[in-house]
Amino acid sequence: MRTFQAEQKLQTAVATFIASQLVSHDEINRLRNTFRHLDKDGDGKLSREELLNGYSKMIGREDAEAEVDR
(Lines give C-alpha, C1' and ligand atoms only; values in the text may rest on other atoms or scores of the structure.)
Protein backbone atom coordinates (compact mmCIF):
# COMPACT_ATOMS: atom_id res chain seq x y z
CA MET A 1 0.00 0.00 0.00
CA ARG A 2 2.83 2.41 0.83
CA THR A 3 4.49 1.65 -2.50
CA PHE A 4 1.25 2.46 -4.32
CA GLN A 5 0.87 5.76 -2.47
CA ALA A 6 4.49 6.68 -3.18
CA GLU A 7 4.03 5.88 -6.87
CA GLN A 8 0.88 8.01 -6.99
CA LYS A 9 2.70 10.95 -5.40
CA LEU A 10 5.60 10.56 -7.81
CA GLN A 11 3.28 10.42 -10.82
CA THR A 12 1.48 13.55 -9.64
CA ALA A 13 4.76 15.37 -9.06
CA VAL A 14 6.10 14.40 -12.49
CA ALA A 15 2.88 15.42 -14.24
CA THR A 16 2.88 18.75 -12.41
CA PHE A 17 6.51 19.39 -13.33
CA ILE A 18 5.97 18.53 -17.00
CA ALA A 19 2.87 20.70 -17.20
CA SER A 20 4.68 23.61 -15.59
CA GLN A 21 7.41 23.40 -18.22
CA LEU A 22 5.02 23.28 -21.17
CA VAL A 23 2.65 26.14 -20.45
CA SER A 24 2.97 29.81 -19.55
CA HIS A 25 1.69 31.37 -16.34
CA ASP A 26 -1.27 32.86 -18.21
CA GLU A 27 -2.18 29.46 -19.58
CA ILE A 28 -1.88 27.89 -16.14
CA ASN A 29 -4.20 30.54 -14.67
CA ARG A 30 -6.69 30.02 -17.50
CA LEU A 31 -6.62 26.24 -16.99
CA ARG A 32 -7.07 26.64 -13.23
CA ASN A 33 -10.04 28.93 -13.73
CA THR A 34 -11.59 26.51 -16.21
CA PHE A 35 -11.07 23.61 -13.83
CA ARG A 36 -12.60 25.51 -10.91
CA HIS A 37 -15.58 26.44 -13.07
CA LEU A 38 -16.12 22.79 -14.03
CA ASP A 39 -15.56 21.45 -10.49
CA LYS A 40 -19.04 22.33 -9.22
CA ASP A 41 -18.75 20.53 -5.88
CA GLY A 42 -15.26 21.92 -5.20
CA ASP A 43 -13.69 18.57 -4.31
CA GLY A 44 -10.68 19.05 -6.60
CA LYS A 45 -11.75 16.23 -8.91
CA LEU A 46 -13.91 16.28 -12.02
CA SER A 47 -16.68 13.71 -11.91
CA ARG A 48 -18.13 12.21 -15.06
CA GLU A 49 -21.19 14.42 -14.68
CA GLU A 50 -19.09 17.58 -14.24
CA LEU A 51 -17.17 16.71 -17.41
CA LEU A 52 -20.39 16.01 -19.29
CA ASN A 53 -21.89 19.32 -18.22
CA GLY A 54 -18.80 21.23 -19.30
CA TYR A 55 -18.44 19.48 -22.65
CA SER A 56 -22.18 19.71 -23.33
CA LYS A 57 -21.99 23.49 -23.25
CA MET A 58 -19.33 23.40 -25.97
CA ILE A 59 -20.20 20.46 -28.22
CA GLY A 60 -23.67 19.24 -27.27
CA ARG A 61 -24.76 16.42 -24.99
CA GLU A 62 -24.45 13.52 -27.46
CA ASP A 63 -20.93 14.42 -28.55
CA ALA A 64 -20.02 15.16 -24.93
CA GLU A 65 -21.06 11.66 -23.86
CA ALA A 66 -18.99 10.14 -26.66
CA GLU A 67 -15.96 12.22 -25.65
CA VAL A 68 -16.22 11.44 -21.94
CA ASP A 69 -16.78 7.72 -22.57
CA ARG A 70 -13.80 7.54 -24.89
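Ranking ALA15, ASN53, VAL68 by Cα position along the charge dipole of the chain, where only Lys, Arg, Asp and Glu carry charges on their C-beta atoms, puts ALA15 farthest toward the positive end.
Round to a whole number: what % of the accessible area of the chain belongs to carbon and sulfur, probe 1.4 Å? Show your work: numbers first, answer last.
Working: 3370 of 6110 Å².
Heavy-atom surface of the chain belonging to carbon and sulfur, 1.4 Å probe: 55 percent.
Summary value for the chain: 15 percent relative contact order, contacts being C-alpha pairs under 8 angstrom separated by 6+ residues. Here the Kirkwood formula puts the hydrodynamic radius of the chain at 14.1 Å, using every distinct Cα pair. Placing +1 on the Cβ of every Lys and Arg and -1 on the Cβ of every Asp and Glu, with nothing else charged, gives the chain a dipole about its Cα centre of roughly 300 debye.
The values are calculated or read from the model by the stated rules, or taken from the named source; none is laboratory data. In this text, all values refer to a predicted model and were calculated from it rather than measured experimentally. Please note: Cβ atoms are built from the backbone with ideal geometry, for glycine as well, and neighbour counts cover all protein chains shown. Just the protein is used for accessible areas: all its heavy atoms, side chains included, with ligands, DNA and RNA removed. Shrake-Rupley method; radii C 1.70, N 1.55, O 1.52, S 1.80 Å.
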